[in-house]
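Working notes, structure below.
The values are calculated or read from the model by the stated rules, or taken from the named source; none is laboratory data. What you are looking at is a predicted structure, and each value in this text was computed from that prediction instead of being measured. Here Cβ is always computed from backbone atoms with ideal geometry, including for glycine, and neighbour counts include all displayed protein chains. Side chains included, ligands, DNA and RNA excluded: accessible areas come from the protein's heavy atoms. Shrake-Rupley method; radii C 1.70, N 1.55, O 1.52, S 1.80 Å.
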Amino acid sequence: MPRSSSKLQPQRSPKGTCATSGYEDGSLTVFALVALVGMVGIGGLAVDTMNYEAKRVATQDALDRCTLMTSLAQNRIDGMATAPNATAEQKTARAKKVAKDCMDKSEAGDDGLNDPVITTNNSERSTTLSGNFTFNGLFPNATGAGNTPTKTFALTAQSRQKLPNLEISIAIDTTHSVFWNALRDPLKVFLNTIAAPDTGNKVSVNIIPYGDSVYLGTPLIERFNDTNKPPLSNTDNRACLNFSQTERGELGINFDDPYIWSWPIMLAGTGYGGTSWETIEFQSVQFNETSEAASVLNGAGSCRLQTDPLAVTGNTPLIGVQVARPVSATASTTINNKLNAIVASSFVLGNTADTTGGLKWALSALDPSLERLIDAQVTANVSPSPVSGRPRSYTAADTMKVLLFFTNNAFATSNYASSQLQGGQWGREIRPEFLGDTPSTIWRTPGPATPTRPVRLSVFHDNAPDPTRPYWVTQGITVNPQPASENAQWMAAPYQHPGGGAPVRLTWSQAMSQITLFTIIRQLYMAPFSPVTNSTNTWSALVDRFTYIVRDSAQDRANFTALCNAAKQQGVLIYMMRGPGSTSVTATTDGQRAHNTNVTLANPVYNGCATSSAHVFTVGETNIRSTLRMIASNIAQLTLTQ
């Protein structure tokens, strides 16, 4: 019988099964957990990376904004009234505070912010903010110590403010003392602020006070001579400002521009010694060519320089000056002295200033045709040498022209009485027929005056008392006893010195350039009939014969608008600053209602003059400082780059 074996025989698993499967349950779970930890780590790294980049970008944006803000703030700091007495450290501390406060209010925060670095070189200011900023991640770092990862990044932002050749005209209404007193000091701060980065003498300033007229004053009017004509003029309508066609061509002014009109004149002729002009007995005196030339030059008679009794010297324009840099306790003396010297009158509702005349002179101070005058002032040490060559061309590269026009008035609704010849917006102009080259009714003896042969004028009158002796001849030499031949008298022909040359018939242009209109009317047309009893040779009749009312209120507004449009087309930036006198009031009287009517007419003119609606401001005692600060910042922003 066969023996049985005691060894166990191996068992074969069914085909396709694993004999060890019972020992490997859960191995995929472990793998999945390991993979999940890796995925979470990678995801955390991605989230931290995104958060880091988001914070870096946000911090850079905040730093950029705060750099611009610090730069603008530095302008205001330098322009502050207290800045001249502040040390460099104090100014830096103020700039640092602005930068810190700005960053603190942003999401980035101010931790790690360095002090601002501000440098100025040749009218270019750079402001640099930098810092080392920290990012704290959300996930533990690789050490496993439970610490969140920290990453530091360095950022820098820089802004540059490069001043162009900046020309600023400021027109100041002097008809309201309270308004002007509130404006004076903020205007000083404004000018200092504008010029804060100017170390290259690139900012020039013109101050143009105006009341019922613009009073040029002797120093300025003397510069308007045969080679310097007031800009924006197309008529030789004042004896002291008469030019030949050749000189017109040399000046290069377009006399055909439709927006241009003449300069008004003022005839001091509403009365004399309490007696009307018609009844004054004139005594014809010797025509003194030297004194008449001086009168022509200095504005007597037909040159309208002065109608406001307050405006003696303080209210004359100041053209082509600069704000001294850097600001110091004695800086800007010329400008500050001018602003301190301006005298404003007591305000009465309905006061009417020559706003169009003020605008015309303020824009004239920016017009390139005034360059000769500025250069003459530089030569005479009236203007600083850096303003030579100004005003620059409207199209010159790197040039900005700005007008701040302050008005506290509305336009009038009607003409002034024609018998009142005060000028202002009711001024009169010489009629064109008396400005050309047509023969006049005036002859003069040839050659220069001598002690024994003074200049004598002969004037033809078709209404002479004796038709056979129609020429009125002015007085000759004055001696005692006086020869009858030297007296003023009627003659049959123009006077000729014994043995002298034939008398010369003047053209009207020559007559108006050599003799004041006041003298022509009074000495040549009234004195021969003194006392005047006819209707032809009265003061009012002769004024109407030689002149006409320059414009009515509608034309005044049209001229104002035309000037504004022409300036804006040339790229002039215009800010319109309207005081309380140019706005409506609660009307309970006829005068107040008339004022409101004027304001209604003035509103579209004033508002339309500004570069845009954002450049129109209603200003008073409470907001003038903040408004000027805003404008200074706006102008600074135009020159600011990041």
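Quick check of the Kirkwood formula: for segment 570-612, what is the inverse mean of 1/r over all pairs of different Cα atoms, in Å? Working shown, then result.
On the way: mean 1/r = 0.0868 Å⁻¹.
Mean inverse Cα-Cα distance, inverted, gives 11.5 Å.
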Query raised in the report: I574's amide H: which non-local residues (gap 5+, or another chain) put their own amide H closer than 5 Å, with H modeled 1.01 Å from N in plane and none for Pro or chain starts?
Result: L403, T611
Report task. Return the FRET efficiency for the residue pair V504, Q555: r is the Cβ-Cβ distance, R0 is 45 Å, and the value is rounded to the nearest 0.05. Result -> 0.75
Query raised in the report: Which FRET efficiency, nearest 0.05, do T152 and N603 yield, Cβ-Cβ r, R0 56 Å?
Result: 0.45
Report summary line: Quarter of the surface of the C-alpha convex hull for segment 499-635, i.e. direction-averaged projected area in nm², equals 16.3
Query - Largest to smallest principal axis extent of the C-alpha atoms in segment 460-556, angstrom - result: 56, 30, 28
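Tell me, in nm to one decimal, what length is gained between M491 and V585 on full extension, where the rule is 0.36 nm per residue of separation less the Cα-Cα distance?
On the way: separation 94, 0.36 × 94 = 33.84 nm, distance 6.33 nm.
Value of the extension gain: 27.5 nm.
Please compute the length gained on full extension between R372 and D104, using 0.36 nm multiplied by the number of residues separating them and subtracting their Cα-Cα distance. Walk me through the intermediate numbers first.
Numbers: separation 268, 0.36 × 268 = 96.48 nm, distance 5.34 nm.
Gain in length upon complete extension: 91.1 nm.
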Report summary line: Farthest towards the positive end of the dipole of segment 429-541, among I521, S535, G500 and with Cβ unit charges of +1 on Lys and Arg and -1 on Asp and Glu, lies the Cα of G500
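By how many nm would the segment from N288 to A341 lengthen if fully extended, with 0.36 nm per residue of separation less the alpha-carbon distance?
15.5 nm
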Query raised in the report: Of K338/K360; K360/K401; K202/K338; K55/K105; K188/K568; K100/K188, which pairs sit farther than 24 Å apart, going by alpha carbon to alpha carbon?
Result: K188/K568; K100/K188
Query raised in the report: Which order do E433, E53, E107 take when ranked by solvent-accessible area (1.4 Å probe, heavy atoms of all protein chains), largest first?
Result: E107, E433, E53
